[in-house]
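Encoded as structure tokens, the structure appears first; notes follow it.
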Amino acid sequence: AWAYKAGIGYCGYDALDEYDELILFDGTSFGPVYPLEEMFDAMMSKVDLDFWGVTKYYGHKELSSSKVDGVYPEHIQTYWIAIRRTMFMSQSFRNYWEKLGELKDYTEIVENHEMIFTKHFSDLGFKCDAYVGAEDLGLYIDYPLLYMPYEIVVNKRCPFIKRRMFFEEYSTI
């Protein structure tokens, strides 16, 4: 998230004016394992969206400074997120990044950026969706991409695999 902020700041908001979509992605996943054209074609047909991501996190009951009503809120995961002109040229988008404080570790990024990004912009009236529809899996597990990778990647054609699945301590689930 801090790199996203730095990159946007380096380019400058005015430079973004020549683009239709801003894609922010980090190094926490492997892929693509399927042609990205499939994903882009599907999401381009959803013209009413202001931002979209590949997958969702479905909410989890935990103690967190970012919790909303006692849960980590459902949100678009920000390891790969596309932001359309309607949003990235808004003053709201600019304000978000200008007010974001330094984030020093994974927990700070998740709690102070990823978990609030979707709700923050949705509450402002921006519309979002995820490419991989996994609501059926979200009934059973909060983080299908991490805990049900076969279902997400093979059966739902998610083009990315989270690196974290190779070092996650699954015995604590």
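The values are calculated or read from the model by the stated rules, or taken from the named source; none is laboratory data. Note that the structure is predicted; figures quoted are calculated from it, not measured. Every residue, glycine among them, receives a Cβ derived from its backbone with ideal geometry; neighbour counts consider all protein chains shown. Just the protein is used for accessible areas: all its heavy atoms, side chains included, with ligands, DNA and RNA removed. Shrake-Rupley method; radii C 1.70, N 1.55, O 1.52, S 1.80 Å.
Of the GluC sites (Glu not before Pro) in segment 79-133, the ones in a loop by DSSP (not H, G, I, E or B) with at most 13 other beta carbons within 10 Å are 102. A simple spin-label model places pseudo-atoms 7 Å from Cα toward Cβ; at residue 124 and residue 20 they are separated by 2.3 nm.
What number, in nm² with one decimal, is the all-direction average of the projected area of the convex hull of the alpha-carbon atoms of the chain? Across all orientations, the chain yields a mean hull projection of 10.3 nm².
Straight-distance candidates among the aspartates and glutamates for linking to residue 156, with alpha-carbon spacing under 20 Å and chain neighbours fewer than 8 residues away dropped: 37, 38, 41, 74, 129, 135, 136, 142.
Going through segment 102-145, which trypsin sites (Lys or Arg not before Pro) have at most 15 other Cβ atoms within 10 Å and a DSSP loop state? Here the sparse-neighbourhood loop sites are 104, 127.
Across segment 119-133, rounded Karplus estimates of 3J(HN,Hα) from the backbone phi angles (6.51 cos²θ - 1.76 cosθ + 1.60, θ = phi - 60°) give 5, 4, 6, 5, 5, 7, x, 7, 9, 9, 7, 10, 5, 8, x Hz, Gly and Pro being marked x. With each label modelled as a point 7 angstrom along the Cα→C-beta vector, the residue 11-residue 36 pair spans 1.2 nm. Accessible surface for the chain, divided over its residues, is 55 Å² per residue with a 1.4 Å probe.
Each semi-axis of the equivalent ellipsoid for segment 92-173 is √(5λ) with λ an eigenvalue of the Cα gyration tensor; in descending order they amount to 27, 18, 11 Å.
If you roll a 1.4 angstrom probe over the protein chains with everything in place, what fraction of the accessible area of segment 3-156 belongs to carbon and sulfur, to the nearest %?
54
Charge tally for residue 151 (other residues, Cβ to Cβ under 13 Å; Lys, Arg +1; Asp, Glu -1): 0. Measuring nothing but how far apart in sequence close Cα pairs (under 8 Å, 6+ apart) lie, relative to its length, the chain scores a relative contact order of 31 percent.
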